[in-house]
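Asks: Below: one structure in structure tokens.
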Amino acid sequence: MRSKILSIVFGFMVTASLAHAANPVSLVDETLTYDVMYKWGFINKVAGYATMSLRNDGNYYRASVFAENAPWANSIYMLRDTLYTTMTKDGYYPVNYTYIAHENGKYKKDVLSFSRTGNTFSAEAVRYKKSSDEAPMTSSTIHLEAQGMTVDMLSSFFYLRTLDFPNMKKGQGVTVNIFSGSKKEKLKITYLGTQNISFNGRKFSTYYINFTFTRKGVESSSPISGWISTDGQRIPLKVEGSLPVGKVRALYTGPNP
């Protein structure tokens, strides 16, 4: 659960069905930066940093996220995560997804190649692993398939920003598939209305959402909350989730062209 919540905080957000994307937002080239805060009791410190980039490329968007610990946290839990995705501009369908993790001396790389036929989404997922720097590299391949809109952890972040929140009802929930590494899960998002939030001396009007993961009908993580700006950019401003000890939240620190 710890690894998943950290990935969500760094990779961010979720999505909904195409039926709700009636009010698309035009995405432009951008680089967004975040502080990742760890809170436990009286401790409330910057535990890491994340940078997310989007670039237009013909009929596709190409996006990436890089996340790392703050220096003080390296002795507690060494983390370096990188995510890449390529998605279509028409529909935000994922084409390729890569997740690379360096955590406490372990290395993992997931490479997913997506295909779509009608309403059926498939992916060939190859996982590379090393249990330590000295250990040999191993690999395994699995075929994933699902019916209905399917995303990866990163493409979902951008698709979410196109949703027609003004015409969604408070408490309305939708569910999509998400392929993450070597498994597929269901991702449920619930729209909870608008909220005004403040941090870093600034005030924002936001769309407030809550989302959960389930696998084989069993909830596989604690609920996670997110806040997205109500302006034309639809920037995810804050996301918060619980760890076995304490909470972790990502706070938007601004564009970084």
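The values are calculated or read from the model by the stated rules, or taken from the named source; none is laboratory data. Just so you know, these numbers come straight off a predicted model, no measurement behind them. Cβ: placed from backbone, ideal geometry, glycine included. Neighbour counts: every protein chain shown. Areas reflect the complete protein model, heavy atoms only, side chains present, ligands, DNA and RNA absent. Shrake-Rupley method; radii C 1.70, N 1.55, O 1.52, S 1.80 Å.
Asks: Under a plain spin-label model, where a point goes 7 Å from the Cα along Cα-to-Cβ, how far apart in nm are E30 and K216?
Replies: Using points 7 Å along Cα→Cβ, the separation is 3.9 nm.
Asks: Cα gyration tensor of region 58-170, axes a ≥ b ≥ c as square roots of the eigenvalues: rounded (a/c below 1.5), prolate (a/b > b/c) or oblate? Write down the numbers at each step before the final one.
Replies: On the way: a/c = 2.60, a/b = 1.49, b/c = 1.75.
Oblate, since a/c reaches 1.5 and b/c is not below a/b.
Asks: Something else about it: Just add up the charged neighbours of K108: K/R +1, D/E -1, any other residue whose Cβ is under 10 Å from the Cβ of K108. Let's see the in-between values first.
Replies: Working: positive: K106, K109, R127, K129, K130; negative: D81, E103, D110.
Charge balance near K108 sits at +2.
Asks: Once you have the Cα-Cα distance between T253 and Q233, take 0.36 nm times their residue separation minus that, and quote the gain in nm to one decimal. Spell out each step's value before the answer.
Replies: Working: separation 20, 0.36 × 20 = 7.20 nm, distance 1.47 nm.
Between T253 and Q233, full extension yields an extra 5.7 nm.
Asks: How much net charge surrounds A50 when only the other residues with a Cβ under 12 Å from the Cβ of A50 are counted, with Lys and Arg +1 and Asp and Glu -1?
Replies: Details: positive: R80, R249; negative: D35, E68, D81.
Here the charged neighbours net out to -1.
Asks: To continue, here is another question. Top to bottom by accessible area (1.4 Å), largest first, where do Y159, Y84, Y60 land?
Replies: Y84, Y60, Y159
Asks: Give me the number: length gained by fully extending K130 to E103, i.e. 0.36 nm times residue separation minus the C-alpha to C-alpha distance, one decimal in nm. Display every interim value, and only then the final one.
Replies: Working: separation 27, 0.36 × 27 = 9.72 nm, distance 1.07 nm.
The K130-E103 span can extend by a further 8.7 nm.
Asks: In nm, what is the difference between 0.36 nm times the number of residues separating F66 and S205 and their Cα-Cα distance? Could you put the intermediate results ahead of the total?
Replies: Numbers: separation 139, 0.36 × 139 = 50.04 nm, distance 2.68 nm.
Additional length available on full extension: 47.4 nm.
Asks: Something else now. Where does each of 187-197, 134-144, 113-123 land if you order them by average Cβ count within 10 Å, highest first? Each step should come with its number before you reach the end.
Replies: On the way: 187-197: 17.1, 134-144: 10.7, 113-123: 14.6.
Ranking the peptides 187-197, 134-144, 113-123 by packing returns 187-197, 113-123, 134-144.
Asks: Next question, about the same structure. Percent relative contact order of region 126-250, based on C-alpha pairs within less than 8 angstrom and at least six residues apart? Walk me through the intermediate numbers first.
Replies: Numbers: 215 pairs, mean separation 18.5, N = 125.
For region 126-250, the relative contact order is 15 percent.
Asks: Tell me, what is the 1.4 Å probe accessible area of M149, in Å² to the nearest 10?
Replies: 20 Å²
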